[in-house]
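Everything on this sheet refers to the single structure shown next.
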Amino acid sequence: MLLLRCSLPLLLLLLPLPSRPQKLPTRDEELFQMQIRDKAFFHDSSVIPDGAEISSYLFRDTPKRYFFVVEEDNTPLAVTVTPCDAPLEWKLSVQELPEEASGEGSGDPEPLEQQKQQITNEEGTELFSYKGNDVEYFVSSSSPSGLYQLDLLSTEKDTHFKVYATTTPESDQPYPELPYDPRIDVTSLGRTTVTLAWKPSPTASLLRQPIQYCIVINKEHNFKSLCAVEAKLSSDDAFMMAPKPGLDFSPFDFAHFGFPADNNSGKERGFLKSSKFGRQTPPKPRVDLHRVCIGNKNIFTVSDLKPDTQYYFDMFAVNTNTNMSTAYVGTFARTKEEAKQKTVELKDGKVTDVFIKRKGTKFLRFAPVSSHQKVTFSIHSCLDAVQIQVRRDGKLLLSQSVEGVRQFQLRGKAKAKYLIRLKGSKKGASMLKILATTRPNKQSFPSLPEDTRIKAFDKLRTCSSVTVAWLGTQERNKFCIYKREVDDSYNEEQKKREQNQCLGPDTRKKSEKVLCKYFHSQNIQKAVTTETIRGLQPGKSYLLDVYVIGHGGHSVKYQSKLVKTRKFC
């Protein structure tokens, strides 16, 4: 095959046709290796180089033609065409090169246009044709000499494609070879994980060439080439590196298998940026597709998938020397369903305790037996904030984050059923109490001020007492204060771990109780009470807790306060 940096007219101009047959020069291997390193060399050329893969672009319904010359008869020939993001129609044909000039015996070459027409106006002999989006090959162990034409057409849309041709297919072998069984096996299936295994490429195991495997995961369909994957991806940043040794195979966060938008998501690949095509290519939308290369391993576990979701898995063996790839037979699998959660039934006016795992979800159901105008939901989050959603007969009525005690009153509806969805904190497990009622005066949880901190007065500290204050409400409630001596090493982190607001005074020792009293104020600005705790030891640290107890007997704990008596008085 002839390697030239020129289009066909220049090719014919540089090769004047003498009166007797003349062989075209053979490939200069040193020059060839130097030239193929410059990818721009063949960018706009209609000449296909021998032994190098070229990438190009087709506009819809606009055919493109490539040429190459085979110098001698009985030459091995292999041509590979790889469609990327659309099916192609392509045809390979050959025609003889003219052997004699027709310049009336003068020996002078014919005019350039006449030579071009003499060759290209002939149809030639068709050797092979194909229509589809598979990677397709033409292989011949003995091809005639002549000028070969490769015609390509895309009738669906503008598209990319790749072409590789060689006259030394046995020695080149740029594409990795597939094993006798090229299928991907699903060896393990979970709710969020899928484990894949495949047989190694003989190119790696027998020929000892550097091969790495790249896995592609998406929710749409299988891909027949890595070129098709690259065309689908909107930017290079979707390419992921292999996980570090020692880590479980979790190379990317599938929590965003919807996957997070990127600042560079609108960036187009390099071959789309050229203005010479004369068309603006709109930025592609972000797709649920990930590619990850894992080295030469032949088992891989994909994690962080969504339950009960079908995924498509493709595997490509990539020759890292040539950067050319071969596709295994793709597969697909559906992850297992989430274990169905039991829905807890709420009874009208009764408090229900709920425990939720970290990031977990619980579902509750409330079905009032009688008609009602309003329904009230009271929630007491014992630890961190929880997310609550309330739906009435499928319609979303409420979606909020709840911390401490909150009450929500919703409009009722005859024979309505309410579904409550509770989602736990990301920090840790969540505990809460919830009450649903159709009786507006039924309140089990006491009302709380916005600020539930306990304030200590430093100037009033003595060696045996401390004075503290806290806010109340307009509702008359019972307040109980407790103290507990702690070590000097007791810190805020330990205090935070003990901030379970649902633990009531019944969990405390009798010796820790200081007093209980009733308190309220119609003027919310004056709803403040103070108390002096006496009988303390000099230089000691104490943890103080205030509990407010509602009419239904349920209590809520204010934020704990760490105080210390004076050591010298």
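Summary of computed values
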| quantity | calculated |
| --- | --- |
| Any hit, segment 202-216, residues being in a loop (DSSP other than H, G, I, E, B), surrounded by fewer than 18 Cβ atoms within 10 Å (Cβ to Cβ) and of a type in the set (D, E, K, R) | yes |
| Test result for R421, at pLDDT 90 or above, in a strand (DSSP E or B) and of a type in the set (K, R) | yes |
| Tally, over segment 164-178, of residues that are within 39 Å of the chain's Cα centre (by Cα) and farther than 15 Å from N319 by Cβ | 1 |
| Filter result (under 16 Å from K455 (Cβ atoms) and in a loop (DSSP other than H, G, I, E, B)) within segment 521-564 | A527, Y558, Q559, S560 |
| Residue satisfying all of: in segment 296-325; small (G, A, S) and over 15 Å from G190 (Cβ atoms); surrounded by the fewest Cβ atoms within 10 Å (Cβ to Cβ) among these | S325 |
| Close pairs (6 angstrom Cβ cut-off, 6 or more residues apart or separate chains): more than 7 Å from S154 (Cα to Cα) in segment 56-76, exposed (fewer than 13 other Cβ atoms within 10 Å of the Cβ) anywhere | E71/K23; N74/S142; P76/S141 |
| Positions within segment 533-560 being basic (K, R) and surrounded by fewer than 19 Cβ atoms within 10 Å (Cβ to Cβ), in sequence order | R534, K540 |
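Here's the yes/no breakdown for (1) open to solvent by less than 50 Å² (accessible area, probe 1.4 Å); (2) assigned to a loop (DSSP other than H, G, I, E, B); (3) without any contact (Cβ under 8 Å) to a residue 12 or more places away in the chain:
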position	(1), (2), (3)
Y130	yes, no, no
Y137	no, no, no
S140	yes, no, no
L150	yes, no, no
T155	no, yes, no
F161	yes, no, no
A165	yes, no, no
P179	yes, yes, no
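The values are calculated or read from the model by the stated rules, or taken from the named source; none is laboratory data. In this text the structure is predicted, and so the values were computed from the model without any measurement. A quick note on method: Cβ atoms are made from the backbone with ideal geometry, for glycine too, and the neighbour counts reach across all protein chains shown. Surface accessibility is based on the protein's heavy atoms, side chains included, excluding ligands, DNA and RNA. Shrake-Rupley method; radii C 1.70, N 1.55, O 1.52, S 1.80 Å.
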